[in-house]
Amino acid sequence: MRVLSAPNKLKKQIIMGSSTETAAHTKNILVVFYSQTGQLQKLTEQFAAPLKQHSDICVETLEIKPRQAFAFPWRFMKFFNTFPETVHLQPQAIEPLKFQRERYDLVVIAYSVWFLSPAQPVTAFMQSREAQAVLNNTPVVTLIGCRNMWLMAQEKMKKLLQHAGARLVGNVVKTDQCGSAASFITTPAWMLTGNKKPVSWLPSAGISDEEIADAARFGQKIADTLQADKPLDETLLQNMGAVKINEKLILSERFAHRSFYLWGKLLIAAGKISPLLRKGILCFYIVFLVAVILTVVPVTALLKSLFAPLLKNKIQMQKQQYGWPSGE
Ligand SMILES: Cc1cc2nc3c(=O)[nH]c(=O)nc-3n(C[C@H](O)[C@H](O)[C@H](O)COP(=O)(O)O)c2cc1C
């Protein structure tokens, strides 16, 4: 079978009177997201807006829907009881996925972080055979909207992408506007009450409007790259401040993830024996977790600052690893 080159293909379409004269040049982008509060949806819309302005770029948006919706606001025990399966990448089922095409020039995966892992519906998407077929051999940009701890989640996402045969070419991260200490209270309070500012003396939870609007800069860069017919490779979003790595959180994230992993394993095993046993251990773990966060996070941050001069090279290497491919 003779494969026609792009100009010949176009010529043939014109000779045959085809109305799809521009189809040969159309770039197809799939944007996938799951958002519980609507915050990530807004971020995704800002990101995709510049791409949608071009008639030769076709943006298909797919919202991942869990078979049984995660209720928002969360009930206290349900919130914590979700962590073992989330961390062990054993998500609840999602609705069947329907794509309009078999192949895309780019897939954008927008996700929020749950317990230092991708949100369950996004993990379910990544594990589905349909998504893996679409992702295979395709450039992917990840777009994260979360409180501020995303490093371990993105490492897991990198493995899921690798398993699907996808090529990660960029990562954009937007985090909550108030600092680490305040958002430790404001984000869970938002999740449990549904209110971003449940009390007047606390700052508002969530990503600021300016940061959400800033997501458009990255969509614009992708549009410009496609318009210039340049390849979508790892340089795509470099030197744009796509991610910021808070080096003080690296150690805490690694420690917390280890703890979630081990306790999650125990809770899943306990649940198989008796749901009541799981609940009892979970109650103990919640108290333990709060104590650990209040002690380990500040202590590791302090240790990191004290030993920073000695650990300079190691921190630099970790920042490169976690920031890859977009970098700071
Ligand atoms: C169950 C749960 C766990 C979360 N765990 C984290 C976390 O580990 N790190 C983090 O930065 N944000 C965490 N968040 C905040 C989310 O990443 C995100 O900011 C928030 O859910 C809003 O996103 P949405 O648009 O999907 O609703 C968590 C939220 C939920 C509901």
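Put in order of Cβ neighbour count within 10 Å, fewest first, the listed residues L168, L30 become L168, L30.
Taking the helices alone, the chain has a mean residue ellipticity at 222 nm of -16000 deg cm²/dmol, built from -39,500 (n - 2.57) per DSSP H run of at least 4 residues and averaged over all its residues. Which pairs break 27 Å Cα to Cα here: K42/K312; K52/K78; K52/K98; K42/K65; K52/K319? Exceeds cut-off: K42/K312; K52/K78; K52/K319. Dividing the mean sequence gap of close Cα pairs (under 8 Å, 6+ apart) by how many residues region 71-180 holds gives a relative contact order of 27 percent.
Can you give me the orientation-averaged projected area of the convex hull built on the Cα atoms of region 125-169, in nm²?
On the way: hull surface 12.4 nm².
In nm², the orientation-averaged hull projection of region 125-169 is 3.1.
Give me Rg/Rg_expected for region 244-328, where Rg uses Cα atoms only and Rg_expected = 2.2 N^0.38 Å with N residues. Working shown, then result.
On the way: Rg = 16.7 Å, N = 85, 2.2 N^0.38 = 11.9 Å.
Taking N as the residue count of region 244-328, the ratio is 1.40.
The residues packed around L266, meaning those with a beta-carbon under 14 Å from its beta-carbon, carry a net charge of +4 if Lys and Arg are +1 and Asp and Glu are -1. Based on the convex hull around the alpha carbon atoms, region 31-80 presents an average projected area of 4.1 nm².
I need to check one value: relative contact order of the chain, counting alpha carbon pairs closer than 8 Å and at least 6 residues apart, in percent. Computed value for the chain: 18 percent relative contact order.
Starting from the Cα gyration tensor of region 253-293, take the square roots of the eigenvalues, sort them a ≥ b ≥ c, and report rounded, prolate or oblate (rounded when a/c is under 1.5, otherwise prolate if a/b is larger than b/c, else oblate). The partial results should precede the final answer.
Values: a/c = 4.98, a/b = 1.59, b/c = 3.13.
Cα axes put region 253-293 in the oblate bin.
Membrane-span-like helices in the chain, defined purely by DSSP H runs whose alpha carbon atoms cover 30 Å or more axially and whose average Kyte-Doolittle hydropathy reaches 0.5, are 275-307. Using the Cβ atoms and a cut-off under 12 Å, what net charge is assigned to the surroundings of A153, where Lys and Arg are +1 and Asp and Glu are -1? So the environment of A153 carries a net charge of +2. Computed from the Cα positions only, the extents of the chain along the three principal axes stand at 73, 49, 40 Å, in decreasing order. The alpha carbon gyration tensor of region 158-294 gives principal lengths a ≥ b ≥ c with a/c of 1.5 or higher and a/b no greater than b/c, which makes the shape oblate. From the Kirkwood radius over Cα pairs of region 65-213, Stokes-Einstein at 10 °C and 1.306 mPa s returns a whole-number translational diffusion coefficient of 97 µm²/s.
Leaving out same-chain residues fewer than 8 places away, which lysines sit with a Cα under 29 Å from that of K314? Within the straight-line cut-off, K314 pairs with K156, K158, K159, K174, K244, K248, K304. Charge tally for K244 (other residues, Cβ to Cβ under 13 Å; Lys, Arg +1; Asp, Glu -1): -2.
No lab work stands behind these numbers, since they all come straight from the coordinates. Note that this is a predicted model, so its numbers are computed, not measured. Because the Cβ atoms are built from the backbone with ideal geometry, glycine has one as well, and the counts that use them run over all protein chains shown.
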